[in-house]
Amino acid sequence: MLSRSSFTSLVVGVFAVYVAHTCWVMYGIVYTRPCPAAADGAAGGCVWPYLARRPKLQLSVYTTTRSSIGAESNIDLVLNVEDFDIESKFERTVNVSVPKKTRNNGTLYAFVFLHHAGILPWHDGKQVHVVSPLTTYMVPKPEEINLLTGESATQQIEAEKQTNALDEPVSHWRSRLTLNVMVEDFVFDGSSLPADVHRYMKMVQLGKTVHYLPILFIDQLSNRVKDLMVINRSTTELPLTVSYDKISLGKLRFWIHMQDAVYSLQQFGFSEKDADEVKGIFVDTNLYFLALTFFVAAFHLLFDFLAFKNDISFWKKKRSMIGMSTKAVLWRCFSTVVIFLFLLDEQTSLLVLIPAGVGALIELWKVKKALKMTIKWQGLRPKFQFGACNDSEKKTEEYDAQAMKYLSYLLYPLCIGGAGYSLLNVKYKSWYSWLINSFVNGVYAFGFLFMLPQLFVNYKMKSVAHLPWKAFTYKAFNTFIDDIFAFIITMPTSHRLACFRDDVVFLVYLYQRWLYPVDKSRVNEYGESYEEKFKKKSS
């Protein structure tokens, strides 16, 4: 069996190898080896850029209800850019006619052609084109109402009509179409073409040399949920913003891999909204800041694992609740479960939801250990038994109860007042949604007050030796990392503010650790003292 220190070293070593491997993979994506023969002017084995000939190009965007077209019929031209300059960015908004088939929950496709100027796309043998759906299917968000004032009879009838369709996906309009062309005059090695770019390349033979036509790319990461519009049956026209910008080879390869990663998440069951959270990290963040985010996220994962490991190890060996606030443990469990239910009700990203769910399960297990609870089954009926407390634990419970008494004078009026205010002034989907929001607002706004009983117990006992400081340290690192993620990942504002609240709580614990030095005669978190352990080793 590995010792705890050896296991931790193994985990850190695996983490270092993972980071190094990821950096190597990212370098392989960004850097592409050019054709060696191109430096000597030789054409053998090289694939040359057609754009180096500086052809006159034209950009055309068509819409149709079919996923493939073979003729000029049944398509609508929505945008035509003559004398298209690949170096100049632009953004234009056009009105697109919505066919009846699309209004009846159908799909509409955009065909984007890059072809020679003055020639129709289907008559140009050197044209390139890409296809992208302009519609997607999503379950519409339920409407929020004022729970006290209610609705008029007309609104109730409309709501009943919509209720049956709330769980069914309906067609939504993608109001943005982002186009890119790779503009570098890069000469590829024909024997080692990158697989990611190769599927976007179209080759032509011109004399003795092979050329690749302009690489046209649709940026799907820019299609965000916030830009989607529900398509009603009465809608005949919808706006479409077409934007263009040039792109480098390195960024193009990186973007292709990111789009593939998002598509893989959807194949694994992630919803459109969950995938949208991942898109937001890449689209709304600077690339250099994105690289920093990767390293921060990697360390967050490591510290999360080490914090869980040390926390579970601490409570697994815990035999006494001396110096530990039982009320704080119960509150932490309650608040963690409420936060998880709130995030679930808000349909938050799985990136936030899954760690919250795991944390809630661990807190429930810690309550079982703190109350010395055992469960015995009598048939199908469970019977709960609680262990007895010794004199030292009873003294801790007295301090704990005293702290909770003072705290209740402040906490309960604040929570009840906040719940009443939100009921009068804020709209909710249901009474359950109001109840969960009221609980979670109390947790976020005043939850740090429930750490005061533990601080009060530390003050009375003049010691912090009974606290799990290893787990606290890892959680503190994660708290500061969460401050960074609070500005990157989409989450409720109250959850974002709670990240900064935890910083203050940990600083108070650090102050108490400095204020109360370690007493080696006092029992630690496992119910034993340093002097007792030294006597055992001597004997």
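The values are calculated or read from the model by the stated rules, or taken from the named source; none is laboratory data. For clarity, every value in this text was computed on a predicted model and none was experimentally measured. Cβ: placed from backbone, ideal geometry, glycine included. Neighbour counts: every protein chain shown. SASA here: full protein model, heavy atoms, side chains in, ligands and nucleic acids out. Shrake-Rupley method; radii C 1.70, N 1.55, O 1.52, S 1.80 Å.
What the table below lists for this structure:
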item: Test set (1) in contact (Cβ under 8 Å) with a residue 24 or more places away in the chain; (2) surrounded by 19 or more Cβ atoms within 10 Å (Cβ to Cβ) - Ser248 fails condition number; result: (2)
item: Qualifying strands (runs of 3 or more DSSP E) (wholly inside the range 71-134; at least 3 residues being open to solvent by 70 Å² or more (accessible area, probe 1.4 Å) and touching a Ser or Thr at 6+ places or on another chain (Cβ under 8 Å)); result: 90-97
item: Enumeration of residues in the range 368-387 that are in contact (Cβ under 8 Å) with a residue 12 or more places away in the chain, touching a Lys or Arg at 6+ places or on another chain (Cβ under 9 Å) and not β-branched (Val, Ile, Thr); result: Lys369, Ala370, Gln385, Phe386, Gly387
item: Filter result for Lys327 (under 24 Å from Asn441 (Cα atoms), surrounded by 18 or more Cβ atoms within 10 Å (Cβ to Cβ) and of a type in the set (D, E, K, R)); result: yes
item: One residue from Leu361, Leu411, Leu423, Leu407 being surrounded by fewer than 16 Cβ atoms within 10 Å (Cβ to Cβ) and assigned by the TED database to the domain that holds Val338; result: Leu361
item: Among residues of the range 201-226, those that are in a helix (DSSP H, G or I) and either of a type in the set (A, V, I, L, M, F, W, C) or surrounded by 14 or more Cβ atoms within 10 Å (Cβ to Cβ) (or both), counted; result: 4
item: Flag for Asp167 being modelled with pLDDT under 90 and surrounded by 12 or more Cβ atoms within 10 Å (Cβ to Cβ); result: no
item: Condition check for Gln220: in contact with a strand residue (DSSP E or B) (Cβ under 9 Å, 6 or more places away or on another chain) and free of Cβ contacts under 8 Å to residues at least 12 places away in the same chain; result: no
item: Candidate set: the range 184-200, residues that are in contact with a Lys or Arg (Cβ under 8 Å, 6 or more places away or on another chain) and either surrounded by 12 or more Cβ atoms within 10 Å (Cβ to Cβ) or outside the structural domain of Glu272 (by the TED database) (or both); chosen: the one farthest from Asp245 (Cα to Cα); result: Asp189
item: Residue within the range 299-322 that is in the same structural domain as Val443 (by the TED database), touching a Ser or Thr at 6+ places or on another chain (Cβ under 6 Å) and in contact (Cβ under 8 Å) with a residue 24 or more places away in the chain present; result: yes
item: Unmet criterion (only one of (1) modelled with pLDDT of 70 or more; (2) open to solvent by 50 Å² or more (accessible area, probe 1.4 Å)) for Gly269; result: (1)
item: Which listed residue is assigned to a strand (DSSP E or B) and not basic (Lys, Arg), from Thr235, Thr178; result: Thr178
item: Residue within the range 276-283 that is open to solvent by 20 Å² or more (accessible area, probe 1.4 Å), in contact (Cβ under 8 Å) with a residue 12 or more places away in the chain and among the acidic types (Asp, Glu) present; result: no
item: Some residue of the range 439-450 being open to solvent by 20 Å² or more (accessible area, probe 1.4 Å), under 32 Å from the mean Cα position of the chain (by Cα), in the same structural domain as Leu371 (by the TED database) and modelled with pLDDT of 75 or more; result: yes
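This table checks each residue for (1) modelled with pLDDT under 75; (2) in contact with an Asp or Glu (Cβ under 8 Å, 6 or more places away or on another chain).
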| residue | (1), (2) |
| --- | --- |
| Ala291 | yes, no |
| Phe294 | yes, no |
| Ser313 | no, no |
| Lys318 | yes, yes |
| Ile339 | no, no |
| Gly359 | no, no |
| Leu364 | no, no |
| Ala370 | no, no |
| Ala388 | yes, no |
